[in-house]
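Here's the structure we're looking at; comments come further down.
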Amino acid sequence: MNIEAIRTLYRFEMARTLRTPTQSIVSPVISTSLYFVVFGSAIGSRIQEIGGVNYGSFIVPGLIMLSLLTQSISNAAFGIYMPRFSGTIYEVLSAPISSLEAVIAYVGAAASKSVMLGLVILVTSLLFVPMTIVHPFWMVVFIVLSAFTFSLLGFIIGIWAESWERLELVPQLVVTPLTFLGGSFYSIDMLPPFWQKVSLFNPVVYLISCLRWSFFGKADVSIAASLAVIVAFLAVCLGVVAWIFRTGYRLKN
Amino acid sequence: MVPIISIKNLTKTYASGFQALKGVNLDIRQGEIFALLGPNGAGKTTLIGIVCGIVRPGEGSITVGGHDIIRDYRAARSLIGLVPQELFTSYFETVSANVAMSRGLFGLAPDPARIEKVLKDLSLWDKKDSPVMTLSGGMKRRVLIAKALAHEPKILFLDEPTAGVDVELRRDMWSQVRRLRDEGVTIILTTHYIEEAEEMADRIGIISKGEIILTEDKAELMRKLGRKEMTLHLKDALATVPAPLAGHRLALANGGRELVFTYDSATERDGIAALFGDLAAAGILLKDVHTRQSSLEEIFVGLLKERS
Ligand SMILES: Nc1ncnc2c1ncn2[C@@H]1O[C@H](COP(=O)(O)OP(=O)(O)OP(=O)(O)O)[C@@H](O)[C@H]1O
Ligand SMILES: [Mg+2]
């Protein structure tokens, strides 16, 4: 294992984010605050409680998951697309490092960033709503696991994309709608039975449900099912990444 | 001696279907400076890319320091430093961050003293805290060289290191490269400047259309490649080459108004002085003189014609 190389690549990637604190900290704080103003205050004043939880608090796990997924994907996609686009990928390809090491560094950096972002959002929300976390350990597990899985997905997108438009395509066309429809701002119990069934095909429902369970001790779907969905998705992404490196797909001519 | 790089029957066909390498065989000797020459599109960058792990090889095999580049890629790549033809660097990071990163990627512990020496050798020390994007093209090229040297390679690939570099700096680079060779680094460079190959290389290889058409010691090749032509525009036309000048390699041209002298730039420089002496003695007056050296491209065409 070329630990030094992993550390170097990871640090280099992290440095890129830390150079732009506005983008990485200020903007998520502002957008989270806006959600609280709009959903928490305006709508929350009518809904008040869902399953015994104050509506403002209820949306916090969904908000965290929404940012976690979109940011993991775009961080990781951008992180690998940039060097491909600018040609600096030559350095990683010609270095004595394995594909696994490169993935750990790139995906690890992207996941770290979005975990930090998730924590920033959590802290911001504490300014607006009261919050007790029932299972803090599981909260961390779910956040890290989701960040890592979706960073892998982002990595795959960053390798597949041949243009900036394509880089944006999947996050905007697939992930954002799935997250909004995945119960970020409501419990799927509130839907008519037909749409409840349809929602069960949306993987994001499972992610939000288990994160919400770690906060409030109540879930829309079983925790085992949620974990199974995350792990299955992780396995698929790992498989695709392994294939990419074995074949050099879009990395080597 | 066992070659430090050994390339056997290497082919490469790009996804477009274009065959860029057609069975290349090439051995690089330890400690030499090897110049790889060839016209645009000959396959130089492709060949280097395959050895370094950037381009997927087709058929054939390559060993670097005895290590197969696929099976034993870690050991093989650890030996190699690469300065690519294109100016690929992370524009927003500083020069020293860029250079330190290359060292880390090769698994070596940080060594500020080494980085300092490399940057100073390349006159980049005062730019160490500048983002790469604020540097000129020639400086960016040097950053790429510094990156390649940061991990103390035993083999250095320089893909057109002096393209777009001014004359003074080019001389600087030449002496740098020689210094590296003296430290025991094997160097493979590509260039389109014949005088660069002449100045630097121990051995020269010529590649054309994906085939190595010859490899030869420099001295031998320069004799073949270094042919020059000097045209003497005469004041008065001549019918034949006058007898006192018969000893020089002269031919009449343009209806007797020009004398064309062909000579070998590497070995026959003295011949020019003798010729002018003889011209004056024979009372032949000149209007103008100009010389031209056959370009590499012409030489390649010539060599290829010779072969077919
Ligand atoms: N990614 C690619 N896809 C298809 N063809 C390619 C690709 N890269 C290079 N080629 C082709 O392969 C041939 C060799 O290219 P290469 O870059 O190796 O040439 P070169 O000898 O380095 O030329 P130059 O002196 O211009 O740098 C060229 O005809 C080029 O068009
Ligand atoms: Mg080239």
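The values are calculated or read from the model by the stated rules, or taken from the named source; none is laboratory data. What you see is a predicted model, and the numbers here were worked out from it, not measured in a lab. Neighbour counts run over all protein chains shown; Cβ positions are idealised from the backbone, glycine included. Only protein heavy atoms, including side chains, enter the accessible area calculation; ligands, DNA and RNA are left aside. Shrake-Rupley method; radii C 1.70, N 1.55, O 1.52, S 1.80 Å.
If you count only protein heavy atoms with a 1.4 Å probe, what accessible area per residue comes out for the stretch A:88-177, rounded to a whole Å²? Show your work: numbers first, answer last.
Numbers: 3550 Å² over 90 residues.
Per residue, the stretch A:88-177 has 39 Å² of solvent-accessible surface.
Of B:Arg257, B:Arg142, which has the most accessible area and how do the rest follow, probe 1.4 Å?
Details: B:Arg257 130, B:Arg142 30 Å².
Highest to lowest solvent-accessible surface, that is B:Arg257, B:Arg142.
Mark the label point 7 Å from the Cα of B:Lys117 along Cα→Cβ and return the residues of the stretch B:178-194 whose backbone N is within less than 19 Å of it.
Flagged as within label range: B:178-187.
Can you find, among B:Ile115, B:His290, A:Val129, the residue sitting farthest towards the positive end of the charge dipole of the protein assembly as shown, where Lys and Arg contribute +1 and Asp and Glu -1 at Cβ?
The listed residue farthest towards the positive side: A:Val129.
Partner chain Cβ atoms within 10 Å, averaged over the residues of B:98-106 - can you pull that number for me? Write down the numbers at each step before the final one.
On the way: counts 3, 0, 3, 8, 4, 3, 11, 16, 9.
Per residue, the average neighbour count from other chains is 6.
Two decimals, Cα atoms only, Kirkwood Rh: what is Rg/Rh over the stretch B:76-137? Please list the in-between numbers first.
Details: Rg = 11.9 Å, Rh = 12.5 Å.
Radius of gyration relative to Kirkwood radius: 0.95.
Per-residue ellipticity at 222 nm for chain A, helices alone: DSSP H runs ≥ 4 residues times -39500 (n - 2.57), over residue total, nearest 500 deg cm²/dmol? All intermediate terms of the calculation are to be shown ahead of the outcome.
Details: 12 runs with 178 residues, N = 253.
For chain A, the value works out to -23000 deg cm²/dmol.
Amide H of B:Ile212: which non-local residues (sequence gap of 5 or more, or other chain) have their own amide H closer than 5 Å, using H built in the peptide plane?
Hits under the 5 Å cutoff: B:Asn25.
Take the Cα atoms of chain A, find their three principal axes, and give me the spread along each one in whole Å, biggest first.
For chain A, the Cα spread along each principal axis is 59, 37, 34 Å.
What are the radius of gyration and Dmax of the stretch A:1-81, computed over its Cα atoms and given in Å?
Rg, Dmax (Cα atoms, Å): 17.7, 56.
On the protein heavy atoms, probe 1.4 angstrom, tell me the percent of accessible surface of chain B carried by carbon and sulfur. Kindly include the intermediate steps, with their values, before the conclusion.
Working: 7400 of 14240 Å².
Ligands and nucleic acids excluded, carbon and sulfur reach 52 percent.
On average, how much accessible surface per residue is there in chain B, in Å², for a 1.4 Å probe, leaving out ligands, DNA and RNA?
On the way: 14240 Å² over 308 residues.
Heavy-atom SASA per residue in chain B reads 46 Å².
Are there chymotrypsin sites (Phe, Trp or Tyr not before Pro) in the stretch B:1-81 that DSSP puts in a loop and that have at most 15 other Cβ atoms within 10 Å, and which ones? Don't jump to the answer; show the numbers that get you there.
Numbers: sites: B:Tyr14, B:Phe18, B:Phe34, B:Tyr73; in loops: B:Tyr14, B:Phe18.
Answer in residue order: B:Tyr14, B:Phe18.
As a test of the definition: which semi-axes, in Å, follow for the protein assembly as shown when you take the square root of five times each eigenvalue of its alpha carbon gyration tensor? Largest first, please.
Working: eigenvalues 871, 100, 89 Å².
Equivalent ellipsoid semi-axes, largest first: 66, 22, 21 Å.
Per-residue accessible area for B:Met139 at 1.4 Å probe radius, Å² rounded to 10?
Approximately 50 Å² for this residue.
Check each of the trypsin sites (Lys or Arg not before Pro) in the stretch B:56-98 and keep only those in coil by DSSP with at most 16 other C-beta atoms within 10 angstrom; list them in order. Working shown, then result.
Working: sites: B:Arg71, B:Arg74, B:Arg77; in loops: B:Arg71.
Hits after loop and neighbour filter: B:Arg71.
Between the helical axis of B:95-105 and the dominant principal axis of chain B, each derived from Cα atoms, what acute angle in degrees is found, rounded to the nearest 10?
70 degrees
Once you have a ≥ b ≥ c as the square roots of the Cα gyration tensor eigenvalues for chain B, tell me rounded if a/c is under 1.5, and otherwise prolate or oblate according to whether a/b is larger than b/c. Please report the intermediate quantities before stating the final value.
Numbers: a/c = 2.68, a/b = 1.82, b/c = 1.48.
Prolate, because a/c is 1.5 or more and a/b exceeds b/c.
Past 24 Å, Cα to Cα: identify those pairs from B:Lys44/B:Lys228; B:Lys22/B:Lys44; B:Lys228/B:Lys305; B:Lys117/B:Lys147; A:Lys252/B:Lys44; A:Lys113/B:Lys147, in the order given.
Numbers: B:Lys44/B:Lys228 26 Å; B:Lys22/B:Lys44 12 Å; B:Lys228/B:Lys305 19 Å; B:Lys117/B:Lys147 12 Å; A:Lys252/B:Lys44 17 Å; A:Lys113/B:Lys147 27 Å.
In this structure, B:Lys44/B:Lys228; A:Lys113/B:Lys147 lie more than 24 Å apart at Cα.
Report the residues of the stretch A:190-216 in range of a label on A:Met131: point 7 Å along Cα→C-beta, backbone N strictly under 15 Å from it.
Backbone N within reach: A:211-216.
For the stretch A:101-246, which whole-number percentage of the solvent-accessible area (1.4 Å probe, protein heavy atoms only) is attributable to carbon and sulfur atoms? Intermediate values should be presented prior to the final figure.
Numbers: 5040 of 6600 Å².
In the stretch A:101-246, the share of accessible area belonging to carbon and sulfur is 76 percent.
Please state the relative contact order of chain A as a whole percent: Cα pairs under 8 Å, 6+ residues apart?
Details: 295 pairs, mean separation 66.2, N = 253.
Result for chain A is 26 percent.
List the aspartates and glutamates whose Cα sits under 12 Å from the Cα of B:Lys128, skipping any in the same chain fewer than 8 residues away.
Cross-link targets: B:Glu93, B:Glu116.
Per DSSP H run of at least 4 residues, take -39500 (n - 2.57); add these up for chain B, divide by its residues and hand me the 222 nm value, nearest 500 deg cm²/dmol.
Numbers: 10 runs with 106 residues, N = 308.
When only DSSP H runs of four or more count, the value is -10500 deg cm²/dmol.
Estimate for me the total accessible surface buried between chains A and B (protein heavy atoms, probe 1.4 Å, no ligands or nucleic acids), in Å² to the nearest 100.
Numbers: alone 12580 and 15460 Å², together 25510 Å².
Buried area between the two chains comes out at roughly 2500 Å².
Looking at the protein assembly as shown only, what percent of DSSP beta bridges run antiparallel? Nearest 5 please.
70 percent
Can you tell me the orientation of helix A:203-216 relative to chain A, as the angle in degrees between its alpha-carbon axis and the longest Cα principal axis, to the nearest 10?
Roughly 60 degrees between the two axes.
In the stretch A:84-106, which residues become less accessible by 40 Å² or more once every protein chain is in place, relative to the chain on its own, using a 1.4 Å probe?
Relative to the lone chain, where solvent access is computed with a 1.4 Å probe, the stretch A:84-106 loses at least 40 Å² at A:Thr88, A:Tyr90, A:Glu91, A:Leu93, A:Ser94, A:Pro96.
As a test question: what accessible area, to the nearest 10 Å², does B:Lys8 have when a 1.4 Å probe is rolled over all protein chains in place?
Surface open to solvent at B:Lys8 totals about 100 Å².
Give me the percent relative contact order of chain B, please, defined on Cα pairs under 8 angstrom at least 6 residues apart. If you can, show how the numbers build up before the last one.
Values: 537 pairs, mean separation 60.0, N = 308.
19 percent.
Using DSSP to call loops (not H, G, I, E or B), can you name the chymotrypsin sites (Phe, Trp or Tyr not before Pro) in the stretch A:160-212 whose Cβ has at most 12 other Cβ atoms within 10 angstrom?
Those satisfying the criteria are A:Phe201.
Summarise the partner chain shielding of A:5-12 as one whole number: the mean count of Cβ atoms from other chains within 10 Å of each residue's Cβ. Let's see the in-between values first.
Working: counts 7, 3, 2, 10, 3, 1, 4, 8.
Going residue by residue through A:5-12 and averaging, the value is 5.
Which distance in Å, rounded to a whole number, links the C-alpha centroids of the stretch A:79-137 and the stretch B:1-75?
Value for the Cα centre distance between the two parts: 36 Å.
How far is helix B:167-182 tilted off the main Cα axis of chain B, in degrees rounded to 10, range 0 to 90?
60 degrees
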